[in-house]
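S.K.: Pasting in a structure now, in structure tokens, and then I'll have a few things to ask.
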Amino acid sequence: MGPEEIVVLVTGGSGLVGQGIKSIIEDERQLDPNTQKEQWIFCGSKDADLRNKTETEALFEKYKPTHVIHLAAMVGGLFHNMAHNLDFFRDNMSINDNVLYASYKYKVKKVVSCLSTCIFPDKVTYPIDETMVHNGPPHTSNYGYSYAKRMIDILNRGYHDQHGCKFTSVIPCNVFGPHDNFSLTSSHVIPALIRRMDDAMNNGDSTFSVWGSGTPLRQFIYSLDIAKLFVWTLRHYDSIEPLILSVDEEDEVSISKAAEAIKKAHGFTGEIIYDTSKADGQYKKTASNKKLRLLYRDFTFTPFEQAIHETVTWFKENREHVRL
Ligand code: NDP
């Protein structure tokens, strides 16, 4: 980014990834006063309902951003997705169309929007890479979310071809960390396990049930790591082609390994059992971060167990204020 005035608007700024970016920017400011030149604005749904075009444009009129990190989305875990595919599709299509159109209308210089590794085709060869986004139907459990996310790439191409806009997208793997959604009905697997295990410990339970077989494999990235990568993408990645932001392939872990790490961080002494009557979702969705590694070779990811430990500690300290 150049020396001219920079105003970065982060939609979805109150969520897991948004709060991660906020904390990285605050850390940066302490270390390097030059970053004061950038003004960062973190918005949540209270600032504007981005499903509404008028509210979206009013937000852009108010802040006149030069750059946008677009995170706002209806987000949820497997079970929430399965029950609300239509809502995921409609809400996310509206949010994305409104935000990208407002970015075009207000002459935003660069937008980084967010896809997800869970929107890739169900039948695919592994590892998944950036060229495969549109190569077949997504898993049936989350087709609403997936097709809406894929359309961001179509919008980015259209705005580039017709208007020369620099709107790009990144594709994170599963994110976890402080400020996650720990609700029993709509959370992702790691926050769900952290919250339910805390409940089990508070109840004095001797066993803890994990939904599904525990065998599916996932790549998990700590929210503070993805936050650093988002900021790097905004400043240094100049293509409109999607970029996968994921831990390395060999860092993929099973749900059972994640549950064991959470058990250790919680200090739970009971037994973990697996409820195979519950759905597993996709067995794996291994993504390649080769393109990222070529561009940003020496990025260091936080070790998984350390990140889990920090997240569990944060949850225990903030349980009264988190999204339950
Ligand atoms: P969160 O659920 O933590 O946060 C969602 C954010 O979107 C919140 O700030 C929320 O605002 C905002 N939002 C939701 N609906 C609206 C709306 N109608 N108008 C305005 N703002 C709205 O999500 P994450 O931080 O986990 O996700 C951020 C992005 O990363 C999303 O695009 C998601 O699809 C993507 N992603 C997430 C992954 C994950 O594992 N979490 C994995 C891959 C991609 P508020 O809280 O104020 O209501």
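The values are calculated or read from the model by the stated rules, or taken from the named source; none is laboratory data. Small disclaimer: the values here were computed from a predicted structure and weren't measured. Here Cβ is always computed from backbone atoms with ideal geometry, including for glycine, and neighbour counts include all displayed protein chains.
S.K.: Which residues, taken from the stretch 206-219, are hydrophobic (A, V, I, L, M, F, W, C) and touching a Phe, Trp or Tyr at 6+ places or on another chain (Cβ under 6 Å)?
M.R.: Applying the first criterion (hydrophobic (A, V, I, L, M, F, W, C)) to the stretch 206-219 yields 208, 210-211, 217.
Of everything in the stretch 206-219, just one residue is hydrophobic (A, V, I, L, M, F, W, C) and touching a Phe, Trp or Tyr at 6+ places or on another chain (Cβ under 6 Å), namely 210.
S.K.: Scan the stretch 13-49 residue by residue and report those that are in contact with a Phe, Trp or Tyr (Cβ under 6 Å, 6 or more places away or on another chain), of a type in the set (A, V, I, L, M) and surrounded by 21 or more Cβ atoms within 10 Å (Cβ to Cβ). Steps first, answer last, please.
M.R.: Just the residues of the stretch 13-49 that are in contact with a Phe, Trp or Tyr (Cβ under 6 Å, 6 or more places away or on another chain), to begin with: 13, 18, 21-22, 25, 41.
Within this subset, residues satisfying the condition of being of a type in the set (A, V, I, L, M) are 21, 25, 41.
Listed by number, the list holds a single entry, 21.
S.K.: List pairs: first in the stretch 46-68 and without any contact (Cβ under 8 Å) to a residue 40 or more places away in the chain, second within 13 Å of the ligand (Cβ to nearest atom) and β-branched (Val, Ile, Thr), Cβ under 7 Å, 6+ apart or cross-chain?
M.R.: Short answer, once both residue conditions are applied: 48/56.
S.K.: Scan the stretch 131-157 for residues that are buried (at least 22 other Cβ atoms within 10 Å of the Cβ) and among the charged types (D, E, K, R) and jot them down.
M.R.: Result: 149, 153.
S.K.: While we're looking at this one, here's another question. Return the total of residues in the stretch 292-313 being of a type in the set (A, V, I, L, M, F, W, C) and surrounded by 17 or more Cβ atoms within 10 Å (Cβ to Cβ). Even if it seems obvious, please write down each step before you answer.
M.R.: Keep residues of the stretch 292-313 that are of a type in the set (A, V, I, L, M, F, W, C), which gives 292, 294-295, 299, 301, 304, 307-308, 312.
Going one step further and asking which of them are surrounded by 17 or more Cβ atoms within 10 Å (Cβ to Cβ), we end up with 292, 301, 304, 307-308, 312.
Residues flagged as of a type in the set (A, V, I, L, M, F, W, C) and surrounded by 17 or more Cβ atoms within 10 Å (Cβ to Cβ) within the stretch 292-313 amount to 6.
S.K.: Another one. What are the residue pairs meeting all of these: first residue in the stretch 205-229, first residue over 25 Å from residue 294 (Cα atoms), second residue part of a loop (DSSP other than H, G, I, E, B) and of a type outside the set (D, E, K, R), Cβ atoms under 6 Å, and 6 or more apart or on different chains?
M.R.: Matching pairs, first to second residue: 206/270; 207/270; 208/270; 213/276; 216/283.
S.K.: With the condition kept exactly as written, say whether any residue in the stretch 110-127 is buried (at least 21 other Cβ atoms within 10 Å of the Cβ), more than 12 Å from the ligand (Cβ to nearest atom), in a loop (DSSP other than H, G, I, E, B) and at pLDDT 95 or above.
M.R.: Within the stretch 110-127, not a single residue is buried (at least 21 other Cβ atoms within 10 Å of the Cβ), more than 12 Å from the ligand (Cβ to nearest atom), in a loop (DSSP other than H, G, I, E, B) and at pLDDT 95 or above.
S.K.: With a cut-off of at least 1 residues that are under 20 Å from the mean Cα position of the chain (by Cα), name the strands (runs of 3 or more DSSP E) lying wholly within the stretch 220-293. Don't jump to the end; show me each part of the working.
M.R.: Values: elements: 220-222, 243-245, 271-275.
Those strands (runs of 3 or more DSSP E) span 220-222, 243-245.
S.K.: Right, here's the next one. Give me a count of the residues in the stretch 153-185 that are in contact (Cβ under 8 Å) with a residue 60 or more places away in the chain and within 12 Å of the ligand (Cβ to nearest atom).
M.R.: Going through the stretch 153-185 one residue at a time, the tally reaches 14.
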